[in-house]
Amino acid sequence: MSISRRRFLKHTSLAALCGWIFPPISGPATPRRLASWLQSDEFAEFMQTQMRSAHIPGVSLAVIDRGSLVHTAGFGFADIEANRPMKPGTLLNVASITKTITCTAVMQMCEWGKLELDSSIDDYLPFKIRNPAFAERTITPRQLLTHTSSIADGPAYKSSYICGDPQVTLDEWLQQYLMPGGKHFDSQLNFHAWAPGGSHAYSNVGYGVLGLMVEHLSGMPYADYCAKHIFAPLGMIRSRFLLAGMAREMHATPYDYVEDGDVATVELVDPAWSASPGSKEIYVPHCLYSFVTMPDGLARTTAAELARFLMAYIHGGTLEGSKILQVKSIKKILSDQHIQYSEPSKLIQGLTWYNDDGIWGHGGGDPGVSTYMGFRPADGRGVVMLANVGGADTETPKNIFAWGRK
C-alpha cells in the first residue's frame, strides 16, 4: 500500500471550532455522506474486487471523517482454515506503523524534560553508540526519528525474526549489534558509509535504539511503557506487543500467497501447517512471530483501536479528554524536517510520519502483513487498513481519500 504524506497546515480558530487542530477546506457538495458509501453494496463489491486482485485473505478497516470515526468493517478471513472472519476488532501486528507509537513515546519524554531531540543519544542510553567510521560524530534522537542516523539494518537484524515472543532483551541485543566485540557487530554492514546526518536510509534498528531510550529514561520495559502511557489513555484495551497471555483467536493469521506452489522460500511458516500435494495457488500461514527490536514494528492492534490513536493526532494529541501529547509536539512531528532523500521523492519526512499530497501517514509491511494509516489535515479524513497478507497492493485508501472531492 502506498504511504500518503505532505506539508503541515497551521492552526486557526476555525479548526478549534471544528474539533481538530487543522483547518478544513471547502469542497464540492456531495450527493451522500461518506459513511453511506462505505456501507453500500457498491463499496463492498469494490473491496471484494481489490482483495481478489491482491490475493488478500482478510482486511480490517476504519475510516474517520471530519475528525470522527464514521465506519469500521471487516472483510474476508482472519484465519482461513478456522473459517474465522476478519473484524474491526481483530488483532494484527501492524509492522512499521509501530514507529509512530515509538515517536509518540519519545516526544512524551521531550515534553517531560527528559530528552532533547538534538542532543547526543549517549545521554539517554546505558552505553555509547558510534558509527565506527565516524567515531567523533554523535547521533541525535532527531536523526533516529528521520532515518538519518547512519545505523543500518544488517544481516543480524534480518535474521532476528522468530516464532513466539523475543527471547533476549532489547538492551542485550542492541549492545551485541552496535558495540565493538558484540556477537552481532559488523562495522561495515551495521552502519552506512556516511556520517550521522549525512544522508537518509530507512533504519529499523534505529527505532530499536529509540525504544531503548524510552526504557532507560522511564525505567519501564518498552511494551509496558506504551501500554500505560499510550494505549490505556486512548482506550486501546486490546493493543499489545507480546503474545504471552493473549488468546490466539484474538489475532489474525498472517499469510503469504504463493502462486506456483513453491512454499520452500516462505519463512516463519506455522510449524503445524503442511501444504496439500499438488496445490498451486496457496495461502501459506505464518506463525505468530516477533523480533527483539519491537519498537520498529511489533505493535499488535486492531483497525478500530488504531483509529483512536490516529484521531488523537487529528485532535492535537487529545482524544475524549485524554492527552497523549501537546499540540506543539504534534505540530513538530508533522512538520517538514527538510531531509534529502538519496533518490528523488515527493515524500516529505516529518518526525517518523511522512506526507504525500496533503496526507500524513505511515505504512507497514512484514511477513504476512500489509498495513496503512494516514489522515488529511485539510478535512480531518483518515484511513486505517490492515491486511493479513504480505506485499498487498490496493487502491482502497486512495479511493476513500478521493471520494467526494471530484
The set of residues whose placed amide H lies less than 5 Å from the amide H of Gly261, leaving out same-chain residues fewer than 5 positions away, is Ile282
When the helix-only estimate is applied to the chain (DSSP H runs of n ≥ 4, each -39,500 (n - 2.57), divided by the residue count), what is the mean residue ellipticity at 222 nm, nearest 500 deg cm²/dmol? -7000 deg cm²/dmol
In region 305-406, which GluC sites (Glu not before Pro) fall in coil by DSSP and have 14 or fewer other Cβ atoms within 10 Å? Glu320
For region 70-113, what class follows from the C-alpha gyration tensor (a ≥ b ≥ c being the square roots of its eigenvalues): rounded when a/c is under 1.5, otherwise prolate if a/b is larger than b/c, else oblate? prolate
Using the Karplus equation 6.51 cos²θ - 1.76 cosθ + 1.60 (θ = phi - 60°), what ³J(HN,Hα) coupling, rounded to whole Hz, does each residue of region 242-248 give in order, writing x for Gly and Pro? 8, 7, 4, x, 9, 6, 4
Taking amide hydrogens as modeled 1.01 Å from N in the peptide plane, which residues meet the under 5 Å criterion relative to Asp357, leaving out close sequence neighbours? Arg5
To the nearest 20 Debye, how big is the dipole of region 316-406 about its Cα centre, given +1 on the beta carbon of each Lys and Arg and -1 on that of each Asp and Glu? 420
Residue by residue through region 368-380, which ³J(HN,Hα) values in whole Hz follow from phi under the Karplus form 6.51 cos²θ - 1.76 cosθ + 1.60 (θ = phi - 60°), with glycine and proline marked x? x, 9, 9, 9, 8, 8, x, 8, 9, x, 4, 9, x
DSSP loop GluC sites (Glu not before Pro) in region 91-136 with at most 16 other Cβ atoms within 10 Å of their Cβ, which ones? Glu116, Glu136
Go through Pro295, Val269, Phe309 and say which Cα lies farthest out towards the positive end of the charge dipole of region 202-361; charges sit on Cβ, +1 for Lys and Arg, -1 for Asp and Glu. Phe309
DSSP loop chymotrypsin sites (Phe, Trp or Tyr not before Pro) in region 105-176 with at most 11 other Cβ atoms within 10 Å of their Cβ, which ones? Trp112
Other-chain or far-sequence residues with amide H under 5 Å of Gln39's (modelled H): none
Table column - 3J(HN,Hα) (Hz), region 257-271, Karplus curve with 6.51, -1.76, 1.60, x for Gly and Pro: 8, 10, 7, 9, x, 8, 8, 5, 8, 7, 9, 6, 6, 3, x
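Since every read-out is calculated from the coordinates, none of them should be taken as a lab result. Source: prediction; values computed, not measured. With ideal geometry, Cβ positions are generated from the backbone for all residues, glycine too; neighbour counts draw on all protein chains shown.
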